[in-house]
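Reading through the structure tokens given below for one structure.
The values are calculated or read from the model by the stated rules, or taken from the named source; none is laboratory data. Note that the coordinates shown come from a computational prediction; the quantities given were computed from them, not determined experimentally. Virtual Cβ from ideal backbone geometry, glycine too; neighbours counted across all protein chains shown. Just the protein is used for accessible areas: all its heavy atoms, side chains included, with ligands, DNA and RNA removed. Shrake-Rupley method; radii C 1.70, N 1.55, O 1.52, S 1.80 Å.
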Amino acid sequence: PEVMDMDVKSKPLQPPWYERCVQPCVAELLGSALFIFIGCLSVLEDSGGVGRLQPALAHGLALGVTVAVLGNI
């Protein structure tokens, strides 16, 4: 009965190799591609007089949508 009272600490499980190595690389690739694509389109579609505001808003909105959609990953 006293043996049951001992604190047995198990080692925390280490995540699989793809969660440590592959997922961060894929996330960085997709994020960079998204921001380059959005940034280039916002500059190409620049309507006169907007200046730096349109690319800034495009990047900010893209970041906000990405965090809202993928924030739980």
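Here are some conditions: (1) at pLDDT 80 or above; (2) in a helix (DSSP H, G or I); (3) not aromatic (Phe, Trp, Tyr). Leu13 meets all but one. Which one does it not meet?
(2)
Residue under question is Gly60, and the condition is that it be under 17 Å from the mean Cα position of the chain (by Cα) and surrounded by 13 or more Cβ atoms within 10 Å (Cβ to Cβ); does it hold? It would help to see each step written out before you state the result.
Details: under 17 Å from the mean Cα position of the chain (by Cα): yes; surrounded by 13 or more Cβ atoms within 10 Å (Cβ to Cβ): no.
Taking the combined requirement at face value, the residue does not satisfy it.
Could you tell me how many of the residues in the range 39-57 are open to solvent by less than 60 Å² (accessible area, probe 1.4 Å) and either among the basic types (Lys, Arg) or modelled with pLDDT under 80 (or both)?
The qualifying residues number 4.
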